[in-house]
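> Once you've had a glance at the structure underneath, I'll fire off some questions.
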Amino acid sequence: MRVILLSISFLFILASIKSQTDASIRPYSFQHKANLNSNTISMPAFDLERELIAEHQNRINKSGMYRFGYEHQTSINFNNSAGWTVLPNGDKIAQLHLKSDGALSINIIFSDFYLPENTYLHVYNTEKSTLVGAYTSLNNNLNHILGTDLIKGDEMVIEFFQPHSITENPRLFINTVVHGYEDINGWYAQQKVNESGACNMDVVCSDGIPWEKEIRSVARITNGGGLCSGSLVNNTAQDGTPYFLTANHCGPQSMASAVFRFNYDSPVCGSQNTANSQNAQQNHTINGSSFKARNSNSDFGLVELNAIPPANYNVYYAGWNNSGDIPTQTVGIHHPSGDVKKLAFDEDAPTSSAFGSSIANGEWRILQWDRNTTTEGGSSGSGLWDENHLIVGQLHGGQANCANSVNDYYGKFSVSWDGNGSTTRLKDWLDPQNSGTTTLNGWDPNATDNDVYLVSTLWPETTNCGNSIAPKILIKNNGAEVLTTITFNYGANGVPSSTYNWSGSLAVNDTLSISLPSTNIQTQGQNTLTIISSNPNGTQDGDPSNDSLSVNFVNNLNCLAFPNPFKDELTINFEAEKANDLPVEIFLTDIQGKQLWNTTHDINSSKELKVNTSQLASGIYILELRYSKESTLQKLIKGA
């Protein structure tokens, strides 16, 4: 069965590559010098201050789409309004400039869109620094609607090319021109991508590592002058149908013209401190969708994207839980204020509540976000995941922000599951087999069967003591099969002298910390530890790019205790030659000399002693070891 599913998915992916803009086709005017006829249409002035005042209230409780632009309602027939040029060989070029003074960006909606075969259309700015296209006949869709991505600046050029052999006319009717008054793409900012609160945590930060797959399911939605968030979701057929979950108040029934941008992520962890997140390094977009279902009771909307995201987008189809069981903790993944993707963490169980819903207890209430995280306007429609990495709701609204991270409300997935017909519930679309499934894991179309991901080293951190080291690592199962065996080769300074064959059970998407047996270190000072994984489940690893880790640390062959600074555990290292086979007395005092703890240790049983220090307050301490004839002291620091 697996082979059949993968084969079908592969065919879908091939088709979807042909369904998006074709960057290999350049505008005629970019490649040839020619005097082309062109007309200009200017948008009228509008009251920007009034728009900002109205939008301010919307952003307080996230009750509507986050507005970044003013929508000029137009009635522009491109064929009649553009300037046409007939080239000597009979080819035709049409150009139309749309200008909206002072705009930071412009995007448009074609309410009637149709391109004949072998014709193509581009949109770009007058500086030719921002280009979208080519749109071709493969962008035609059943809705005959298309919304473009944003073009930087206050003037957009629409250019259409028609070969002399094509006599059929296009249909290009523009009913909306969006004057962008907020820089949602970070084109003008130097230090941060845009104006979301500084507390928002970039998904690339270390806290996001366990959520790497779910992060790939989330996209930013631009629809006209509005913004929302949402997530690709899996269905029980696991056939790659690109169902996309968002909020009802984001207008799923009008998303035929929406642009869904995946992987709009900062490449660096620049949040929560200096707010210097960077712009995304790729523009992975899908144009348009078809409406499937919505319901105001739980504020959900479900659409199907017009194309399956191509393989190079590396998307993930999120799993879900429709049982209504209370999660023990939750995670939100979203685009606050249209910014690069962020994380929100609540380490407590949500409560049942309502937020403008007619159904009692129809929503999950987040009492307060943790880890200094939050959501904002633009986060609407984003998913809420439980501790098992399954979606349990989507963001309806709430008052949470960086200054006041309390009260957010998510429509329950379990409430959205049922309704009065296929257009008011999720189950017809996400369980087409009517299997009665209550939980469904996510699906990764690019996953290999066996893939070990070496996430990080948990030990050593910065220092080690003695002539051996016992590494501790964090791994993740990034494959499609449960991992039961893995081989680890590791060692210091380029010599993987030790081997450890792990066995156990690590489920798909789960992480596990593993303590490796000690390996020798003979070098005082700077060292490098290298760890390599191989042979998962007795086969070749499907992604060798994440199979190795290296960490630098300082080794002290003669220290008393490590690590230093320490946190919840301290390892004391004894010198056997000083003990003369007698027990060693151990004393720990604070900086004022007050004794906090003492014991004795027989080094014949072990040359190391691990001490639980979780109850000690942060500060400076003195460790004393009293041997038979001498004592040794070491100053220790307990970190926060």
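No lab work stands behind these numbers, since they all come straight from the coordinates. Keep in mind the model is a prediction, meaning the values are calculated, not measured. Cβ coordinates were reconstructed from backbone atoms using ideal geometry, including for glycine residues, and neighbour counts include every protein chain displayed.
> Can you put PHE160, PHE46, PHE173, PHE413 in order of Cβ neighbours within 10 angstrom, beginning with the fewest?
Final ranking by Cβ density, sparse to dense: PHE46, PHE173, PHE160, PHE413.
> Also, quick follow-up: In whole angstrom, and with the biggest value first, how far do the Cα coordinates of the chain range along each principal axis?
Computed over the Cα atoms, the extents are 101, 57, 52 Å.
> Relative to the present Cα-Cα distance, how much length would full extension add between SER606 and ILE359 at 0.36 nm per residue of separation?
Extra length available between SER606 and ILE359 comes to 82.6 nm.
> In degrees, nearest 10, range 0 to 90: what is the angle between the Cα axis of helix 2-17 and the longest Cα principal axis of the chain?
Roughly 50 degrees between the two axes.
> Another one. Before rounding to the nearest 500, sum -39500 (n - 2.57) across all DSSP H runs of length at least 4 in the chain and divide by the residue total; then give [θ] at 222 nm in deg cm²/dmol.
-2000 deg cm²/dmol
> Which value in nm describes the separation of the simple spin-label points at ASN37 and GLU304, placed 7 Å from the Cα toward the beta carbon?
Those two pseudo-labels are separated by 4.3 nm.
> Would you work out the Kirkwood radius for the range 561-638? I mean one over the mean of 1/r across all pairs of different Cα atoms, in Å.
For the range 561-638, the Kirkwood estimate is 12.8 Å.
> How big is Rg to Rh over the range 237-343, alpha-carbon atoms, Rh as the Kirkwood inverse-mean-distance radius?
0.98
> To continue, here is another question. For THR236 and ILE53, FRET efficiency with R0 = 41 Å and r from the beta-carbon atoms, rounded to 0.05?
So the FRET efficiency works out to roughly 0.30.
> State, to one decimal in nm, how far the label point of LYS128 lies from the label point of THR448, with both points 7 Å from Cα in the Cβ direction.
The two pseudo-label positions are separated by 4.3 nm.
> Do you know the relative contact order of the chain, to the nearest whole percent, from alpha carbon pairs under 8 angstrom that are 6+ apart?
It rounds to 10 percent for the chain.
> Can you sort PHE345, PHE110, PHE30 by how many other beta carbons sit within 10 Å, fewest first?
Ranking PHE345, PHE110, PHE30 by Cβ neighbours within 10 Å, fewest first, gives PHE30, PHE345, PHE110.
> What list do you get for GLU168, GLU363, GLU461 if you sort them by fewest beta carbons within 10 Å?
Going from sparsest to densest Cβ surroundings: GLU168, GLU461, GLU363.
> Still on this model: What is the local net charge at PHE553, summed over the other residues whose Cβ is closer than 15 Å to its Cβ (Lys, Arg +1; Asp, Glu -1)?
Overall, the nearby charge balance is 0.
> A follow-up question, please. Along the Cα→Cβ direction, 7 angstrom out, place labels at GLN522 and GLN433. What is the inter-label distance in nm?
Calculated label separation equals 5.9 nm.
> Hey, with R₀ at 35 Å, roughly what FRET efficiency would ASN388 and ALA198 work out to, going by the Cβ-Cβ distance, to 0.05? Numbers along the way, then the final one.
Numbers: r = 31 Å, r/R0 = 0.88.
After rounding, the FRET efficiency stands at 0.70.
> Let me check I've understood the local charge: for ASP346, count other residues with C-beta under 12 angstrom from its C-beta, Lys and Arg +1, Asp and Glu -1. What total comes out?
-4
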